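Colleague: My structure is below; once you've seen it, I'll send some questions.
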Amino acid sequence: MRDAEEFDAFYASSAQRVLGQVYAMLGSRSEAEDAVAEAYARAWGRWSTVRECDSPEAWVRKVAYRVAVSAWRKAVNRVTAHRREATGQQVEPVSVDHVVLVDALRHIPSEQRRAVVLHHLVGLSVAEIAAETRANPNTVKTRLARGRQALARYLSDDGHQTTAGRSHGA
């Protein structure tokens, strides 16, 4: 029973944070919820191994991201149907800043988005991102720089999305 209690405590302390991080990386709350649920189910099935990882939370986040990418590759039609189904569901209210940031993140390439989220929202170092994404640290630095530059085109200084063709002095 100790394993179940330990896993329950891990889940309770990390699930919302991981969901928020994966949502930011994917840009779809419903896809993030599915991927995170699957990742935690897999973590429970391998708990004796996962608990020994340097960061079980990073393990779950990485698995959730891979689950989502795999789903994109295998089931474009399923994703479309799932989005239609999730339309009427109630979700917690979010701030305008959160909505603007998520919208801006949707406009940049996925690898840049992933690096930006892992660095700025999760708080991972370049080396940690490189390990999690299996990328060279210089590649991570490039993705971060390009991701920030791309985000700047969608965000103004006051946090509101810019309109096409409007210069914002960057």
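Colleague: If I go through the stretch 113-122 residue by residue, how many of them are out of contact with any Gly (no Cβ under 8 Å at 6 or more places or on another chain) and more than 16 Å from Leu19 (Cβ to Cβ)?
Modeller: Final tally of qualifying residues: 2.
Colleague: A further question on this structure: Looking only at the stretch 92-112, which residues are more than 20 Å from Gln16 (Cβ to Cβ), assigned to a helix (DSSP H, G or I) and out of contact with any strand residue (DSSP E or B) (no Cβ under 7 Å at 6 or more places or on another chain)?
Modeller: Across the stretch 92-112, the qualifying residues are Val96, Arg106, Ser110, Glu111, Gln112.
Colleague: I need the full set of residues from the stretch 1-58 which are free of Cβ contacts under 8 Å to residues at least 12 places away in the same chain, assigned to a helix (DSSP H, G or I) and aliphatic (A, V, I, L, M), in order please. Give the derivation first.
Modeller: Taking the stretch 1-58 and keeping what is free of Cβ contacts under 8 Å to residues at least 12 places away in the same chain, we get 1-2, 4-5, 8-9, 12-13, 16, 37, 41, 45-46, 49-50, 52-55.
Those left that are additionally assigned to a helix (DSSP H, G or I): 2, 4-5, 8-9, 12-13, 16, 37, 41, 45, 49-50.
Result: Ala4, Ala9, Ala12, Ala37, Ala41, Val50.
Colleague: Of Ala9, Ala35, Ala43, which residue is at pLDDT 90 or above, open to solvent by less than 80 Å² (accessible area, probe 1.4 Å), among the small types (Gly, Ala, Ser) and touching a Pro at 6+ places or on another chain (Cβ under 9 Å)?
Modeller: Result of the check over Ala9, Ala35, Ala43: Ala43.
Colleague: Between a first residue in the stretch 124-149 that is under 22 Å from Glu57 (Cα atoms) and a second residue that is basic (Lys, Arg) and assigned to a helix (DSSP H, G or I), which pairs have beta carbons less than 8 Å apart while being 6 or more apart in sequence or on different chains?
Modeller: Val126/Lys141; Glu132/Arg61; Glu132/Lys62; Thr133/Arg114; Ala135/Arg143
Colleague: Within the stretch 95-106, which residues are surrounded by fewer than 20 Cβ atoms within 10 Å (Cβ to Cβ) and under 14 Å from Ser28 (Cβ atoms)?
Modeller: Val99, Val102, Asp103, Arg106
The values are calculated or read from the model by the stated rules, or taken from the named source; none is laboratory data. Keep in mind that what you see is a predicted model, and the values were worked out from it rather than measured. Note: ideal-geometry Cβ built from the backbone for every residue, glycine included; neighbour counts use all protein chains shown. We work out accessible area using only protein heavy atoms, side chains counted, and drop any ligands, DNA or RNA first. Shrake-Rupley method; radii C 1.70, N 1.55, O 1.52, S 1.80 Å.
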